[in-house]
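One structure below.
The values are calculated or read from the model by the stated rules, or taken from the named source; none is laboratory data. None of these values were measured; they are calculated from a predicted model. Virtual Cβ from ideal backbone geometry, glycine too; neighbours counted across all protein chains shown. The protein model used for the area step is the full one, side chains on, heavy atoms only, and it has no ligands, DNA or RNA in it. Shrake-Rupley method; radii C 1.70, N 1.55, O 1.52, S 1.80 Å.
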Amino acid sequence: MSMVKRNATPLIFLLIALVVPLVTDNQYYLYILTLAFIWSIAIYGMNLISGYTGQLTLAHAGFFAIGAYSLGLLTVDVNVPYWLAFLLACVITTVAGLLIGLIALRTKTHYFAIYTLCVGYIIYLIIYQWDELTGGVRGLIGIEPPGAIGPITFESAESNYYLVLAFLVLTIVFMKFITESLVGRTFVAIRNSEELAQTIGINTMKQKLLSFVISTFFAGMAGALYASFVRFIGPEISYTMTMFDMLTYLIVGGIGTMYGPLVGTFLIVTLTQSLQFMEEYRMLIFGPVLVLLVIFYPRGIVGGIQMWKAKRQYKKQQKMAKQASNSSTYGGGD
Amino acid sequence: MDVLAQQLFNGLTIGSVYSLVALGLTLVYGILHIPNFAHGALYMVGGYATLMSMTLLGMPYFIAMFIAILVVGGIAVLMERLVFNQLRDSPPIHDKIAAIGLLLFLETLIRVIWGADYRSMSTPFSDNIVSFLGVTVTTQRILIVVAAILVMIALQLFLKKTMIGASIIAMSQDREGAFLQGINANRVAMLTFFISGGLAAVAAGINAPINLVYPDMGHLVILKAFVIVIIGGMGSVPGAILGGYILGFSESLGATFISAEYSDIIAFVLLVIILTVKPQGLFAKGAH
Amino acid sequence: GGEDADITEEAEGTPAPGGPDDEGGGEEVEVDTEVAEGTEVIDIGFSGPLSGAGAYYGNNTLNGISMAMEEINEDGGFEVDGETYSFNLVSLDDQYLPDETGANVRRLVQEDDTPFIFVPHSGGTYATQVFNEQDEVLLGSYSSEPEITQQGNDLTWRIPPTYDNYIEPFSEYQMERFGTDLAMLPPNTEFGMDWAEALGPAWEEMGGDVIHESSVDYAQDTDFYTLVTNALADDPDVLFVGGSSEPTAQVMSQARELGFEGGFLVMDQAKLDEIDNVLGGAPDVIEGSVGVAPLVDDIHEGNEQFVSDYQEMHDADPGSEAGYHYYSVYILAEAMKAAGETEDAHAIREHLDEGLHQVDEDKRIYDVSGIDEDGGMTTELRMAVVEDGEVELVDFDH
Amino acid sequence: MLTLTDVSVRYGFYEALSDISMHVEAGELVVLLGANGAGKSTIFRTISGLNKPAKGRIEWKGKSIGGVPASNLVKAGIGHCPEGRKLFPEMNVSENLKMGSYAVRRDKKAVAETLERVYTLFPILEEKQKASAGSLSGGQQQMLAIGRAMMARPELLLLDEPSIGLAPLIVEQVFDVIQEINRGGTTVLLAEQNANAALKIADRGYVIEDGKIVVEGDREELFANDDVRKAYIGA
Amino acid sequence: MFIETKGLTKAFGGLTAVDNVDVGIEKGKITAIIGPNGAGKSTLFNVISGFYPTTKGTITFNGEDITKKKAFNVAKLGIARTFQTTNLFEQATVMDNVIVGHRLRTKSGVFDALLRTPRLKREERESREKAEEVLAFVGLTKEANRLVSDVSQEAKKRAAFAVALATDPEVVFLDEPAAGVNPDETDGLIDLMHKMVANGLTVCLIEHKMQMIMEIADHIVVLNQGKKIAEGTPEEIQNNETVIQAYLGGGDEAVDAN
Ligand SMILES: Nc1ncnc2c1ncn2[C@@H]1O[C@H](COP(=O)(O)OP(=O)(O)OP(=O)(O)O)[C@@H](O)[C@H]1O
Ligand SMILES: Nc1ncnc2c1ncn2[C@@H]1O[C@H](COP(=O)(O)OP(=O)(O)OP(=O)(O)O)[C@@H](O)[C@H]1O
Ligand SMILES: [Mg+2]
Ligand SMILES: [Mg+2]
């Protein structure tokens, strides 16, 4: 049962999430939570490539949109059954991710960030301009809600909530398994130093591509969920500003941390809602908060908590080290 | 009207603006290694500062532009002091994010103060029409080209011929190393940001009369400026100038001979192609 | 013929027009719906862009709504089925984002139990139409998109008129005056696209040629010269332009700089008087233009008071979005009266047309002939032309 | 000339130097010995203003300089050739040297003279004038770093492990050069792992362990000290 | 020959950093590469380990041509290396640094991670055991859980060895392993290298500390300006006029110093 013990906090939160619809029938809360969960899934994708593998991507609003539009077009124009369309949407996004990743990942650091920013912008322009296909600026209406799975239908807000929650939990479990395995270690090694990773036999290009493709899969999946949840999509979901929002969620929560994406998204989405009355003034606060966070808590809220824990431990160690320090020269060998 | 000649001149005009914006960006991005996403916001503030000096303070155009340079340069210096200087030792990802925070802040601030609507700016040069070689333009457009070129030459001379200019470059390569030569690194960083902001203000001040002033005006310009900086080589002043004109011409000619709808894509496709072929950029130096 | 003709406009994704002295979009609109004493309160919802790029437009719509509500409440409210009611406006910001609208509408339904919500954009309307019937809330949608009423949603009211009415008279006038070659340079907004798609075929049907077709992106094109140069390359007689007044003015004056001597067919979002203002009085630029008559140029008994009140309050001319929303609030109150019901969205919806005809003469900002079965409102329109430097109003059936 | 009194320096919680007191007199060549991480570089960085002392007093020619920014100290005559060299990698050799004369750039004649001297000391630098500093090999970079530090004509030159990673032949040359610089009137404070070579040219020395001075004395005393021999000179 | 280069050349623009070099490295021996600064030693390492593409010439390893192989493939074949400036993941613990070192010998992928397959569990255990083993080997067991940024320079060098050893190499290339390490500690590193050889590894190193080289090298290759100017046993090299001229210098100071 150590598994349960180690993950006690997240499990408690999961429990709370599970009972929320039972204790409230406020559709608005459910709607907001569902939206936050959907975005979280996309942010988890970003976190894998940007947080763990160290390649800051600015194209993921684009991949989110590819997933959303694929699902929308497949259900509206082609009348593909929902779950097949859902699967195809994920596949299409992933294939797009693979093709773009193959080229984009040849670039490094700033180049990669700018390159992906441009890719994201191209995706936006295509959606915007190719109106025969995408409806252009008018957007896409009449997208189907998730199709029934056997006897379970997804017409109500509650059922949608549970569906999205299920996907979110799967996403987190997936990320946990990946990042805590050798695969995750490999990604982190690349983040730390690509050069060294290569010398210890890691095919960095292949691993980065793997990480990128997985991350686009989740962005696409989130997009598909979004399309069938909001049931209307317009080009703005792929715009740079959406991308910046996503980045904000990730940074506030904590880039490169397991629960950062969830915490950040949840916090900002709910905060934005409760600060509704401030309208324009919200951004006057968010902007500086983002800056301060990056300066003082570079790994976000979750990272900040971790740091605080580590510091406490460090102080303890420091004491022990002081006692042992007098006898610490190496004699060579073992 | 000769369409080709006209479009070439249009390309020259727009290229001049691109070059100026890209120059400011390349100084900070290439030389101090800060990808300042907020540069577009500086450009936008430059537009407003010029316009408001003219309408609210009743200043003549050139004085208004001068005020804008001071205002935007000052904001840029503040950015350096309060934000980027603090992030000096952080991983590069943090600079980008902080810059985005600044961008959101500045845009919102302007919107709160002056609203989200489009404003137009007219200058003494807006209404003079000149025709030559089958080209018809206003003197404002000639001013854009001439002013841009003059500013660029001045900047190049400053960086190459003065020790202060060289100290900007030195400090970008090794901050502590620069300290130890007696270079006041803080002052140099501030100077760099000031120049960068000033360039953005000039670009906005000369371009706004042929376009409009509004809170989002920096978005696309800045995206394109990043493309230019990469095409031209990070930190390369001549590269930014060349890249700006390449882009200006390819857009005006692309819109004419390929597709008007997709002319904005040209910049990005250009970048994607270039980085696909040369992942380090066109003018990349040998890796170490 | 119709005596009220004015701008219809849909400013999807772009800020609406306004003079440079207009109130800034960021300034929060004080919705001072001080409720009359001893009355029941009806919460009316609003979800529109109050921050971000669309804030200016969103606040204009809000201005119209709150003005009407204040007036009604100050008059002691209105009587429905023996009870006196007054309005309370609950406005939420959605930054033009459909998912935000969805969240807002759900919130308004849940927390304020509103029977009616204004949504001034089509994306938000679509996102809300998914559940508004189920939640029994009536949408007052300010969007010219035909789809919103064609979907068969029983609880949608389309407030602005459709633009197709303009196309024929505008085209006829310009063809007669300048010639048959048309170059189209609309803004690439939803509304611009709709216009272009309707205008092109209609023009050709009337015997003209469309010799150039492209669009301008005001928010993204750094310079319009390139596009204008291309549009003029084939020497058109008439140039189709439009969008917000400022950029439209910019495009028009640049066309003149580049030697264009024909006429402008101006999409109904831009206002000729504003364009003239923006250009600081440029009669040669706007000469030969045809466009929609601005509200302020078309003063009559129905809107006189509104226009002057608005100018006093906001130090700016009211745009159509303010005018229509103002009018809508009165229609809504009358519809409630007629339905004898303030909560049942279906009943209110069924009595909208009836309510429309009950509105006092001096509150009829536009000459609206009725509200259709499908929820669309039909407005009688007029056009404005510039002849010898003067803006003149012309009836369509002249 | 330079006096440190009870100087302590911290990195966060960690006290890298505790109560260091030492002095360097005009014209001397003083060597700092110490294992890795002992705090040698930290002393240098604190003297040249890159780090601020948490406590204690640093005096240069009678004036307190604790906390004065590095850029001002260069003008006051303290030159620092740092660990890790801190060259301007994308500038070429002659530009790097030119930057070295930043603090004294107004005296054109003196600059030209010093440049001449640097090129005489390190002919390879003259050969590679146009090569970017980043493309030089480690040893060449070290020479450039020393040369650059000399360009400001410092009265006190701080040399932090100048022989690190250098070929024996070059090490020899470097020590000769250091000695020559010192004989030319420049006071030198030298940190070295290569204790033997360093002590041979030094007047005096300090041994640092764990941020504290554990031994001090002149050349002979240090050579004679068994602990020093064992730990730093080997066999 | 175990590893052999033929006519190996590497040019950077106009500069030929490695010029037509033939080197042979014998299995189970310690080969040292010496030469003045800028002679091309590090570049030679970089080319052999696949970091830089070769301009001309061939490299064979165990008879197999590896000239065109990328760095990660070269590592998989059993060639490990360290860098002149220590290159470790500073923000991770020593243990974490070393564990990934064994990644190239494991096969688990995403699906193993998701299904927590026995293979993954086995490989994770193996990687950890390997890490513990090599840390013990280099004498860092006590430091295993400290951050790399917190340990001493010499410990970093050992950690770098450990990472290299975790890849299960047949040969290790060490670029100036003793630079910046004091004499006392240098002896420890020498012992460590002897131990590697005793365990069947082949060692190839670059060093400037002549005393150390003369003590441990079986074979010495001397480079100067990209060219090989001499090779042989320590005695031969010490007495080689060309080498003395180009590199060692006349004085005894340098040799004694270390
Ligand atoms: N920026 C820093 N942050 C935290 N600790 C530091 C920093 N710089 C140095 N230290 C620590 O301070 C102590 C002294 O370091 P310093 O660099 O002065 O030693 P040194 O004697 O110069 O060693 P070396 O021979 O390796 O150059 C070491 O334990 C080192 O880890
Ligand atoms: N990436 C590069 N680009 C250009 N020139 C380079 C590059 N790497 C090395 N060089 C040049 O190649 C030559 C050999 O350098 P290398 O680093 O191999 O020398 P080395 O023998 O390792 O010297 P040291 O002992 O000082 O480390 C030098 O002149 C150096 O300037
Ligand atoms: Mg040191
Ligand atoms: Mg080397």
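Just how many pairs of Lys in the range E:87-168 have C-alpha atoms closer than 27 Å, counting pairs that are eight or more places apart or on different chains?
The number of close lysine pairs in the range E:87-168 is 9.
Starting from the Cα coordinates of the range B:125-213, work out the convex hull volume and express it per residue in Å³.
For the range B:125-213, the hull spanned by Cα atoms encloses 111 Å³ per residue.
Identify which of B:Val21, B:Val135, B:Val112 has the largest mean-square fluctuation in a Gaussian network model of chain B, with springs joining Cα atoms closer than 10 Å.
B:Val112
Cut-off under 28 Å on the C-alpha distance; same-chain residues fewer than 8 positions from B:Lys161 excluded. Which lysines are left, in chain and number order?
B:Lys285, D:Lys75, D:Lys86, D:Lys98, D:Lys108, D:Lys109, D:Lys128, D:Lys130
Kindly list the residues of the range D:16-51 that lie in the label zone of D:Glu209, defined by a backbone N under 18 Å from the point 7 Å along the Cα-to-C-beta vector.
Counting backbone N atoms under 18 Å from the label point, the list is D:16-21, D:32-41.
Using only Cα atoms, tell me the angle between helix A:281-296 and the longest principal axis of chain A; keep it within 0 to 90° and round to the nearest 10.
Result, in degrees: 30.
Which net charge results for the neighbourhood of E:Thr9, defined as the other residues with beta-carbon distances under 13 angstrom from its beta-carbon, given Lys and Arg at +1 and Asp and Glu at -1?
That works out to +3.
Which of the lysines could a cross-linker bridge to B:Lys96, judged by Cα under 23 Å and excluding same-chain residues fewer than eight apart?
Of all the lysines, those that pass the test against B:Lys96 - Cα under 23 Å, at least 8 places apart if same chain - are A:Lys108, A:Lys208, B:Lys224.
If you take the charge dipole of the protein assembly as shown about its Cα centre, with +1 on Lys and Arg Cβ and -1 on Asp and Glu Cβ, which of A:Leu292, A:Val95, D:Ala224 is farthest toward its positive end?
Value computed over the given set: D:Ala224.
Would you rank C:Arg107, B:Arg88, A:Arg282, A:Arg185 by solvent-accessible area, highest first, keeping every protein chain in place and using a 1.4 Å probe?
Putting C:Arg107, B:Arg88, A:Arg282, A:Arg185 in descending order of accessible area: B:Arg88, A:Arg185, C:Arg107, A:Arg282.
How much of the DSSP beta bridge set in the range D:2-233 is antiparallel, as a percent to the nearest 5?
Taking every DSSP beta bridge within the range D:2-233, about 50 percent pair in antiparallel fashion.
How many nm is it between the label spots at A:Met320 and C:His357, if each spot is 7 Å from the Cα in line with the beta carbon?
Here the modelled spin labels are 8.9 nm apart.
Quantify how much of the Cα-Cα distance distribution of chain E extends past 27 Å, in percent.
39
Would you calculate, for chain C, the mean residue ellipticity at 222 nm contributed by helices, counting each DSSP H stretch of 4 or more residues as -39,500 (n - 2.57) and dividing by all residues, to the nearest 500?
That calculation yields -11500 deg cm²/dmol at 222 nm.
Using a 1.4 Å probe, how large is the accessible area of A:Lys319, given in Å² and rounded to the nearest 10?
150
Determine the dipole magnitude for the protein assembly as shown: charges of +1 sit on the beta-carbon of Lys and Arg, -1 on that of Asp and Glu, nothing else is charged, the reference point is the Cα centre, and the result goes in debye to the nearest 20.
My answer is approximately 14280 debye.
For helix B:139-161, what angle does its Cα long axis make with the longest principal axis of chain B, in degrees from 0 to 90 and rounded to 10?
The two axes meet at around 20 degrees.
Using the Kyte-Doolittle scale, which helices in chain D average at least -0.5 and also have C-alpha atoms spread 18 Å or more along the helix axis, with helices defined as whole DSSP H runs?
Within chain D the helices that satisfy the rule are D:108-121, D:138-151, D:168-183.
Pairing the Cα long axis of helix B:92-114 with the longest principal axis of chain B, what angle in degrees results, from 0 to 90 and rounded to the nearest 10?
Taking the Cα atoms of chain B, the angle to B:92-114 is about 40 degrees.
Which distance in nm do the two modelled labels at E:Lys70 and A:Ser274 give, with both placed 7 Å along the Cα-to-Cβ direction?
Going from the E:Lys70 label point to the A:Ser274 one covers 4.9 nm.
Averaged across E:37-48, how many Cβ atoms of other chains sit within 10 Å of each residue's Cβ atom?
That average works out to 3.
Please report the relative contact order for chain C, taking Cα pairs under 8 Å with a sequence separation of at least 6, and give it as a percent rounded to a whole number.
After rounding, I find 22 percent.
To the nearest 10 square angstrom, what accessible area does D:His80 show with a 1.4 Å probe?
Solvent-accessible area, nearest 10 Å²: 10 Å².
Quick query: amide H of C:Val216 versus all other amide H atoms, modeled in the peptide plane; which residues come in under 5 Å with a sequence gap of 5 or more or a different chain?
HN-HN under 5 Å from C:Val216: C:Asn188.
Could you tally the net charge around B:Val135, taking each other residue with its Cβ under 11 Å from the Cβ of B:Val135, Lys/Arg +1 and Asp/Glu -1?
That works out to 0.
Taking R0 as 60 Å, what's the FRET efficiency between C:Glu387 and A:Ile305 from their Cβ-Cβ distance, rounded to 0.05?
0.25
For chain A, calculate the relative contact order in percent as a whole number, restricting contacts to Cα pairs under 8 Å that are 6 or more residues apart.
Computed over chain A, the figure is 29 percent.
Nearest 500 deg cm²/dmol is fine: what mean residue ellipticity at 222 nm does chain E get from its DSSP H runs of n ≥ 4 alone, each adding -39,500 (n - 2.57), divided by its residue count?
Computed ellipticity for chain E at 222 nm equals -11000 deg cm²/dmol.
Please find the FRET efficiency linking A:Asn79 to A:Glu132, where r is the Cβ-Cβ separation and R0 is fixed at 22 Å, and quote it to the nearest 0.05.
After rounding, the FRET efficiency stands at 0.75.
Can you give me the P(r) profile for the range A:1-146? Cα pairs, bins 10 angstrom wide beginning at 0, each as a whole percent.
Here the calculated profile for the range A:1-146 is 10, 29, 31, 23, 7, 0.
Give me Rg/Rg_expected for the range E:87-168, where Rg uses Cα atoms only and Rg_expected = 2.2 N^0.38 Å with N residues.
1.11
What distance in nm separates the two pseudo spin-label positions at B:Val269 and D:His23, each 7 Å out from Cα along the beta-carbon direction?
Spacing of the two 7 Å Cα→Cβ label points: 7.7 nm.
Hey, got the dipole for chain E? About the Cα centre, +1 on K and R Cβ, -1 on D and E Cβ, debye to the nearest 20?
Magnitude of the dipole: close to 1560 debye.
Can you give the Kirkwood hydrodynamic radius for the protein assembly as shown, in Å, rounded to one decimal and based on Cα pairs?
35.8
Can you tally the net charge around A:Leu88? Count Lys and Arg as +1, Asp and Glu as -1, for every other residue whose Cβ sits under 14 Å from the Cβ of A:Leu88.
-2
Residues of the range C:349-387 with amide nitrogen under 19 Å from the 7 Å Cα-to-Cβ point of C:Gln150?
C:372-379
Considering the dipole of the protein assembly as shown built from charges on the beta carbon (Lys and Arg +1, Asp and Glu -1) around the Cα centre, which of B:Phe105, A:Thr186, B:Met59 is farthest to its positive end?
The residue sitting farthest along the positive end of the dipole is A:Thr186.
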